[in-house]
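Below: the structure, in structure tokens.
The values are calculated or read from the model by the stated rules, or taken from the named source; none is laboratory data. Owing to the predicted nature of the structure, the values given are computational and were not obtained by experimental measurement. When we count neighbours, we look across all protein chains shown, and the Cβ atoms used for this are built from the backbone with ideal geometry, even at glycine. For the accessible areas, the whole protein counts, side chains as well, though only heavy atoms, and no ligand, DNA or RNA atoms are used. Shrake-Rupley method; radii C 1.70, N 1.55, O 1.52, S 1.80 Å.
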Amino acid sequence: MGILFYVLLLGVCCLVINKFADLLGENIVKLAIKLKLPPAVRGVLLEGVSSSTPELITSGAAALLLVIGGDETAFADVGIGTIGGSAIFNILIIPFLSILFVPGEQIKDLEIDKKAMLRDLAVYLLSVGILFFASKSGLLTSRVGAFMAGIYIVYAICLIKSSKDSDFEADDDIIVTESLGKLWFNIVAYLAPIGIAVHYCVVSATYIGNELNIPRLIMALIVLAGVTSIPDALLSIRSARNGEMDASIANAVGSNSFDILICLGFIIAIAGVDIKVNFAEVWYIFAFLILSSICYTFAFLFKSGKVVKLALLGLPYIGFIYYLNGLIIW
């Protein structure tokens with residue numbers, strides 16, 4: 001089987017992820033209505049967690065390569081690469097795509113819950129900071145991973161508690177006939193094919209990268225990060241179309257926090273081994289993580305037109321891809 005087969009396999013896997021991510025989104029909206037969760041909380045918890053399953057599976061697969069296969073660079077390349085690339089994609093491209101579905105007039109009058117936005121952004125930046133200093137030390141230990149996972153658990157508990165004190169307005173256009181058990185079953189059922197598709201995306205991307213002499217870390221930052229972010233993008237676009245930009249924007253940041261604190265932290269904790277990281281090879285990931293966070297903040301914390309927001313979100317990602325292209329050439 002040649003490279004063409006794996007390119008086609010990658011395409012088929014993307015279609016599978018697209019299809020089941022859409023079904024996943026429908027059930028998450030219904031579940032949020034059943035649980036009476038506000039849109040912003042739904043975006044951070046339900047959508048952010050569920051749509052991050054591909055990243056969790058990818059990170060877990062990288063940990064297996066380390067623990068079972070003895071591949072010491074696998075987690076740093078595939079795990080950190082995919083999570084880092086996905087985080088940059090999520091915080092820039094997902095809001096970018098969401099804004100495209102909102103008319104320019106509505107963007108000017110867009111009201112964002114700034115308090116919730118700053119809260120979620122603070123947790124995300126804290127997770128980036130912890131990962132930065134741990135990576136700079138050259139070693140990711142189980143203790144660090146457990147600490148990261150613990151932060152997310154506290155964060156989730158605080159969000160659930162705050163949601164109980166918030167007023168909930170159900171969407172009259174959506175009638176939920178399914179029971180809570182049925183909705184949870186559907187969500188788990190739709191996550192299964194997404195997980196399988198992501199596994200074969202990893203296989204395909206690895207083969208394609210080897211054939212084209214593209215470093216595994218670069219493939220993870222571009223291909224795997226993009227593929228695993230498909231569910232996040234579709235769920236956010238869906239929220240934007242429904243007029244719920246709060247949920248759309250919250251999903252991007254909430255998903256990133258889950259990716260770093262759980263998809264990396266929890267996996268590191270249960271891996272039971274110290275994971276070596278060559279900081280000199282991944283420093284630029286953190287630089288773009290910070291840059292993307294700054295651009296995201298300026299795009300939504302201050303009032304601006306549609307074109308300005310799109311530029312603040314789109315241009316940094318173009319710069320990121322340009323930088324990675326330079327690494328391939330060098």
Check your understanding: So, in segment 276-305, of the ones that are over 13 Å from Gly84 (Cβ atoms) and open to solvent by 50 Å² or more (accessible area, probe 1.4 Å), which residue ends up modelled with the highest pLDDT?
Key -> Ile294
Point to revise | Lys309 being of a type in the set (D, E, K, R), on the phi < 0 side of the Ramachandran plot and at pLDDT below 85 | key: no
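For segment 256-266, indicate whether the set of residues that are acidic (Asp, Glu), modelled with pLDDT of 80 or more and surrounded by fewer than 20 Cβ atoms within 10 Å (Cβ to Cβ) is non-empty. Steps first, answer last, please.
First pass over segment 256-266, keeping only residues acidic (Asp, Glu): 259.
Keeping just the survivors that are modelled with pLDDT of 80 or more gives 259.
Next, from what is left, pick out any that are surrounded by fewer than 20 Cβ atoms within 10 Å (Cβ to Cβ): none.
No, segment 256-266 contains no residue that is acidic (Asp, Glu), modelled with pLDDT of 80 or more and surrounded by fewer than 20 Cβ atoms within 10 Å (Cβ to Cβ).
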Exercise for review: Write out, first by first residue and then by second, each pair whose Cβ atoms fall under 8 Å of each other, whose residues are 6+ apart or on separate chains, and whose first residue, in segment 308-328, is open to solvent by 40 Å² or more (accessible area, probe 1.4 Å) while the second is outside any helix (DSSP H, G or I) and small (Gly, Ala, Ser).
Suggested key: Leu312/Ser304
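So which of Ala225, Ala205 is open to solvent by less than 10 Å² (accessible area, probe 1.4 Å), closer than 19 Å to Leu92 by Cβ and not polar (S, T, N, Q)? Spell out the reasoning first.
Values: Ala205 fails: closer than 19 Å to Leu92 by Cβ.
Only one candidate passes the filter, namely Ala225.
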